[in-house]
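**Q** Here it is, the structure, as structure tokens.
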Amino acid sequence: MEQNETGCQAPQAPILCVNNCGFFGTAATMNMCSKCYKDLVLKQEQAKLAASSIQNIVNGTSSSNQKDSSISVITTAEPAVILSTTPVATPQVCSSLPSTKEAKEVKEGPKRCGSCKKRVGLTGFNCRCGGIFCSIHRYSEKHECSFDYRSAGQEAIAKANPVVKADKLAKI
């Protein structure tokens with residue numbers, strides 16, 4: 001690194017990425033381009049996560065000393081990352097099967113007004129009775145609302161204004 005008269009370092013020639021992807025790398029990213037470096041960091045994090053999850057599965061709860069040694073072993077071996085994704089994916093597949101069936105049953109399609117069945121999409125109004133209504137039927141008088149606003153109001157007033165009784169005065 002040569003310095004010119006002003007004391008600044010002269011720029012170096014661009015270095016191609018070590019993964020031969022065609023982009024330029026920097027010394028800060030181990031001579032890799034930003035995308036390859038990000039992928040490398042992501043793989044390392046996944047390997048650490050997989051190692052800790054395998055260690056927890058095998059030993060229940062593990063100490064930090066055992067975790068550090070297993071991480072260094074697994075990060076050096078590429079097949080361990082492949083093996084670690086398989087056990088993690090298996091429980092998710094088993095647990096996701098019932099949820100996909102439920103999601104198919106729950107999914108009705110586009111949101112529609114409870115009175116006129118008009119498609120409301122994102123502009124639908126949620127009523128306290130639990131229905132979704134269009135702009136015309138959003139008021140409780142316009143649709144047959146089953147929510148009791150009177151008793152709800154009475155309860156709100158009763159909670160906001162507790163009964164205050166003064167002590168009785170002794171008569172003389």
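The values are calculated or read from the model by the stated rules, or taken from the named source; none is laboratory data. All values derive from a computational prediction rather than experimental measurement. Positions of Cβ are generated from backbone atoms using ideal geometry, with glycine treated the same way; all protein chains shown enter the neighbour counts. Note: accessible area is taken over every heavy atom of the protein model, side chains too, but ligands, DNA and RNA are not part of it. Shrake-Rupley method; radii C 1.70, N 1.55, O 1.52, S 1.80 Å.
Results for (1) assigned to a loop (DSSP other than H, G, I, E, B); (2) touching a strand residue (DSSP E or B) at 6+ places or on another chain (Cβ under 8 Å); (3) at pLDDT below 90; (4) open to solvent by less than 100 Å² (accessible area, probe 1.4 Å), shown as yes or no for each residue.
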{"site": "A50", "(1), (2), (3), (4)": "no, no, yes, yes"}
{"site": "Q55", "(1), (2), (3), (4)": "no, no, yes, yes"}
{"site": "S69", "(1), (2), (3), (4)": "no, no, yes, yes"}
{"site": "V81", "(1), (2), (3), (4)": "no, no, yes, yes"}
{"site": "P87", "(1), (2), (3), (4)": "no, no, yes, yes"}
{"site": "P110", "(1), (2), (3), (4)": "yes, yes, yes, yes"}
{"site": "S151", "(1), (2), (3), (4)": "no, no, no, yes"}
{"site": "P162", "(1), (2), (3), (4)": "yes, no, yes, yes"}
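**Q** May I pose another question? Could you tell me which residue of the range 119-128 is most open to solvent (accessible area, probe 1.4 Å), considering only residues that are closer than 12 Å to H143 by Cβ and assigned to a loop (DSSP other than H, G, I, E, B)?
**A** The qualifying residue most open to solvent (accessible area, probe 1.4 Å) is R128.
**Q** Right, another one. Give me the pairs, please: first residue somewhere in the range 132-159 and within 30 Å of R119 (Cα to Cα), second residue anywhere and among the aliphatic types (A, V, I, L, M), beta-carbon distance under 9 Å, and either six or more positions apart or on two chains.
**A** Cβ pairs passing all conditions: I132/V120; F133/V120; C134/V120; S135/V120; K142/I136.
**Q** Name every residue in the range 1-19 that is at pLDDT below 85 and polar (S, T, N, Q), in order of residue number.
**A** Q3, N4, T6, Q9, Q12
**Q** Does G22 satisfy being open to solvent by less than 90 Å² (accessible area, probe 1.4 Å), in a loop (DSSP other than H, G, I, E, B) and modelled with pLDDT under 85?
**A** No.
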